[in-house]
Structure formats: C-alpha cells, structure tokens
Amino acid sequence: MDWTKAAFVFPGQGSQMVGMAKDLAETYPVARQTLEQADEILGFALSDLCFNGPEDSLNDTYNTQPALYTAGIATLRVLQAEMPGAVPGFAAGHSLGEFTALAAVGAVSFEDGLRLVRERGRLMKAAGTQSPGAMAAVLGLDASVVREVCIRASQQTGGVLILANDNCPGQNVISGDDATLEVGMRLLEEAKAKRVVKLPISIAAHSPLMESASAEFRQVLANTEFTSPRVPVYGNVDAQPLAGIDGIRHELDLQLTRSVRWTESVQAMVTAGAEVFIELGPKDVLTGLLKRIDRSKSGKAINGVEALQKFVAEA
C-alpha cells in the first residue's frame with residue numbers, strides 16, 4: 001500500500017446506525033477506550049447510545065454528530081494500531097465528517113473536536129427550531145440544473161432554497177424552508193428528475209437558515225485550539241486543501257450555511273494523486289458515491305471488524 005496515494009474520508013449524517021462501532025469496541029481495546037473517553041468528556045453514555053439506541057435518540061443531530069465523529073476516530077485508531085504506517089496523503093469528510101478528518105490528521109485534538117461537534121449539533125438543532133426547514137434528495141439531474149431550479153423556487157416564494165449537497169453526478173440534496181422546498185420539488189419533477197424524495201430531517205442544513213447558529217459557533221471556533229494538519233484536508237466549501245489555522249476556522253464557520261461540494265472535493269484529490277479512498281465509519285455511503293464520481297479509483301469501506309481485518313490482510 002502506497003499511503004501517499006491514499007485518502008481517508010469520513011461520512012456525515014445519514015451514516016449513523018444502531019450498533020455502530022460495537023464490534024470494534026468488543027474486539028479492540030483502543031476502540032473501547034475511545035468510546036469510553038467520549039462518554040467521560042460528554043458526561044453521558046454515548047457508547048450505549050451507539051451500541052443499543054434507541055434509534056430516535058441516535059438520529060437527533062445533537063447526538064448523531066458526536067456519535068459519528070467518535071466512531072470514525074475509533075475506527076481510525078484501530079487501523080493505525082494494526083498498521084502503524086497508515087498515514088494518508090489526503091483527507092476529507094462529508095459535512096460533519098470534515099471535523100473527524102481534521103482530528104484524524106492532528107489539526108484538532110480528539111477532545112476538542114468532540115466538544116465542537118456536540119456544540120455544532122446543539123446550535124444546528126436550535127437554528128432549526130428558530131428557522132424551520134427541510135431537505136430533499138434529487139436523483140438524475142446535474143448539479144447545475146438543480147442549482148438553477150433552487151434560484152427559481154426562491155424567486156417564486158421569496159424564501160430560501162439551496163443546493164446543499166453535490167454528492168456525486170446525478171445525486172444532490174436541496175435544503176430550505178418548507179414552502180420553498182415544496183415548490184422546488186415540484187419544479188424538479190417538471191425538470192424530469194428521476195426521483196425527488198423529502199428526507200426525514202427537521203433542519204435545513206447547509207443553507208442560510210442555519211445563519212442563527214453561525215455567530216455563536218464562530219466564537220466556539222475562535223476559542224478552540226487548532227494546529228496545521230499533517231496532511232492536506234480538502235474542505236467542503238471550496239473543494240481545496242484548507243490553508244492554515246485561519247483557513248480551518250473560516251471553512252468550519254462557512255460550512256454551516258454553504259453547500260457541500262463533495263463531487264469536486266473527490267475530483268480535486270484525484271487530480272492531486274489520490275488513488276485509493278478509505279472510508280472510516282459506519283456503512284459505506286462515501287464508497288458508493290466514489291463509484292459515481294470516478295470508477296477508475298478504488299474505494300474501501302472500513303465499517304466494522306470484518307471489513308478492517310480484510311483490509312489489513314489485503315493491504
């Protein structure tokens with residue numbers, strides 16, 4: 001394995017599941033210790049929520065964000081315990097996963113990153129109460145078409161609708177207030193989208209409706225200690241490596257209200273030399289997206305003991 005050509009990628013919300021990281025914690029002491037460390041920092045049994053649910057509580061963004069972050073770091077720590085040379089040439093994370101990526105390459109401590117994502121979840125939930133909204137998945141249209149429809153819908157209602165996630169060619173997510181989202185969904189169906197599906201999410205993430213969370217989160221970021229990452233971390237907002245500590249803070253601030261440019265982030269890493277994309281966390285969502293972005297590159301999802309042991313054996 002040429003680690004300089006490997007990218008570590010970390011998933012965002014939607015990858016959580018009851019039972020996440022349980023087999024890793026039962027098999028590897030470093031994973032168990034990571035979950036216990038998170039329990040102690042947060043002051044509640046996050047590990048029990050990850051392992052046993054209930055699902056509704058795990059799906060609450062206030063809990064989902066620290067759960068996915070902790071599971072990602074636990075998986076990484078096991079991999080690096082089994083393969084001490086596992087230091088990638090690139091890193092990135094989808095939305096919440098960007099925080100995991102920064103912790104993975106030493107730009108923020110595990111403890112500080114965990115507190116950050118817990119606070120981010122709290123503030124996003126509060127913003128969703130203050131400025132209600134929703135999200136919908138759009139299949140079968142180019143991002144440019146989706147973006148144009150969002151503009152038209154916003155003009156019709158005077159509300160907010162934005163392309164929130166450009167996940168891969170033909171798979172996008174829109175975000176905005178309920179009325180404008182409904183108009184946008186109708187317009188997208190008229191534009192011959194294959195499917196437009198409202199998501200079971202009660203906030204308009206990655207849209208201007210998260211603005212009320214920004215000022216407070218900006219202060220939290222200012223009070224968090226960051227260091228320059230050991231390897232390039234490609235940001236969601238500009239799909240480019242984050243430039244220094246100020247660049248990290250700026251990215252994480254803007255990320256609340258701006259689109260996740262995942263397709264372009266992956267393409268930028270490929271252009272820079274990434275050949276293998278290793279997804280660390282529950283499920284295999286990002287590995288599936290890679291197949292739609294660039295089928296010539298290899299994707300590996302390390303989402304449990306079996307997958308990890310297979311990866312180590314074959315590497």
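The numbers here are math on the coordinates, done by the rules we state, and not lab data. Note that the structure is predicted; figures quoted are calculated from it, not measured. Quick reminder, even Gly has a Cβ in these numbers, built from the backbone with ideal geometry, and neighbours come from all protein chains shown.
In this calculation the C-beta distance from Ala315 to Ala243 is compared with R0 = 35 Å, giving a FRET efficiency of 0.65. Counting 0.36 nm for each residue step from Glu82 to Gln155 and taking away their Cα separation leaves a gain of 20.9 nm. Judged by the ratio a/c of the largest to the smallest principal axis of the C-alpha gyration tensor, region 133-201 counts as prolate, that ratio being 1.5 or greater while a/b is larger than b/c. How many percent of DSSP beta bridges within the chain run antiparallel, rounded to 5? Around 50 percent of the beta bridges assigned by DSSP in the chain are antiparallel ones.
Put in line by how crowded their Cβ is, counting other Cβ atoms within 10 Å and starting with the fewest, Glu189, Glu225 read Glu225, Glu189. Computed from backbone phi with θ = phi - 60° and the Karplus coefficients 6.51, -1.76 and 1.60, the 3J(HN,Hα) list for region 8-25 is 8, 10, 10, x, x, 4, x, 8, 5, 7, 5, x, 4, 6, 5, 5, 5, 5 Hz; x is used for glycine and proline. Ordered by the count of other Cβ atoms within 10 Å of each Cβ, fewest first, Leu42, Leu141 give Leu42, Leu141.
Relative to the longest principal axis of the Cα atoms of the chain, the long axis of helix 244-254 makes an angle of roughly 40 degrees. To the nearest Å, what is the center-to-center distance of region 1-42 and region 279-302, using C-alpha atoms only? First find each Cα centre; the distance between them is then 17 Å.
Using alpha-carbon positions, what is the distance between the centroids of region 177-214 and region 223-275, in Å? Rounded to whole Å, the Cα centres lie 25 Å apart. Shown is the FRET efficiency for Asp112 and Arg186, computed with R0 = 45 Å from the Cβ-Cβ distance and rounded to the nearest 0.05: 0.55. Against the chain, whose longest principal axis comes from its Cα atoms, helix 305-314 is set at around 70 degrees.
Sorting Asp246, Asp23 from the fewest to the most surrounding beta carbons within 10 angstrom yields Asp246, Asp23. Round to the nearest 10 and give me the degree value, 0 to 90, for the angle of helix 61-82's Cα axis relative to the longest principal axis of the chain. That works out to roughly 30 degrees. For the chain, the 222 nm mean residue ellipticity estimated from helices alone, with every DSSP H stretch of n ≥ 4 adding -39500 (n - 2.57) and the total spread over all residues, rounds to -16000 deg cm²/dmol.
Over all orientations, region 1-115 has a Cα convex hull whose mean projected area works out to 6.6 square nanometres. For Gln240, the residues whose amide H sits under 5 Å from its own are Gly235, ignoring neighbours fewer than 5 places away on the same chain, with H placed 1.01 Å from N. About its Cα centre, the dipole of the chain is roughly 660 debye, where the only charges are +1 on Lys and Arg Cβ and -1 on Asp and Glu Cβ.
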